[in-house]
Amino acid sequence: MRAQPINRIVFITRVFWASPNTILGLIIGGVGMCFGGRARICGRAIEFYDGGTKWFVQRLPHGQFTLALTLGHTILGQTDASLDISRKHETVHILQYERWGPFLLPAYFLSSLYMWLIGRRFYRDNPFEREAYDADGGEHDL
Ligand SMILES: [Zn+2]
């Protein structure tokens, strides 16, 4: 069955709105592929893993415990298995990028800062993370 034209317009708009972050993910994942990383398309995301991408993820704060992170329509993961485990969670972040576009990362970091200032956990109490963990039932922690 063919997609309704309006659905196609909405989808293209969402992809475009998230594209500044997607471009950042493509650059990081592309560099990662120059150093042995791999990529695959899964659903509406381009997933990067292994090699340089794994090296990058591990150097983030708490990176040793980070399975994956989402930038627009890209997901940067340590391994293919870590991407499989975190897919539900990261898919929620993709939807957040489609909603917030270029404002997601500033809103995310301001939310973390606010949580930290009021004595809450900057990561797990961040509303963007709570929404993602609620979607996957908290199956993976960090
Ligand atoms: Zn998350």
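The values are calculated or read from the model by the stated rules, or taken from the named source; none is laboratory data. If you're wondering where the values come from, they're calculated on a predicted model, not measured in any experiment. Backbone-built Cβ (ideal geometry, glycine too); neighbour counts: all protein chains shown. Ligands, DNA and RNA are excluded from the accessible area calculation, which covers all protein heavy atoms including side chains. Shrake-Rupley method; radii C 1.70, N 1.55, O 1.52, S 1.80 Å.
Quick notes on this structure:
- Output for region 37-82, where each listed residue is assigned to a loop (DSSP other than H, G, I, E, B) and farther than 22 Å from Tyr123 by Cβ: Gly37, Gly43, Arg44, Asp50, His73
- Residue in region 8-20 that is surrounded by fewer than 18 Cβ atoms within 10 Å (Cβ to Cβ), more than 19 Å from Phe103 (Cα to Cα) and of a type in the set (A, V, I, L, M, F, W, C) present: yes
- Number of the exception - Leu67 against (1) in contact with a helix residue (DSSP H, G or I) (Cβ under 6 Å, 6 or more places away or on another chain); (2) open to solvent by less than 40 Å² (accessible area, probe 1.4 Å); (3) not β-branched (Val, Ile, Thr): (2)
- Of all residues in region 91-142, those being open to solvent by 30 Å² or more (accessible area, probe 1.4 Å), part of a helix (DSSP H, G or I) and either at positive phi or of a type in the set (Lys, Arg) (or both) number 2.
- Residue within region 105-126 that is of a type outside the set (A, V, I, L, M, F, W, C) and under 11 Å from the mean Cα position of the chain (by Cα) present: no
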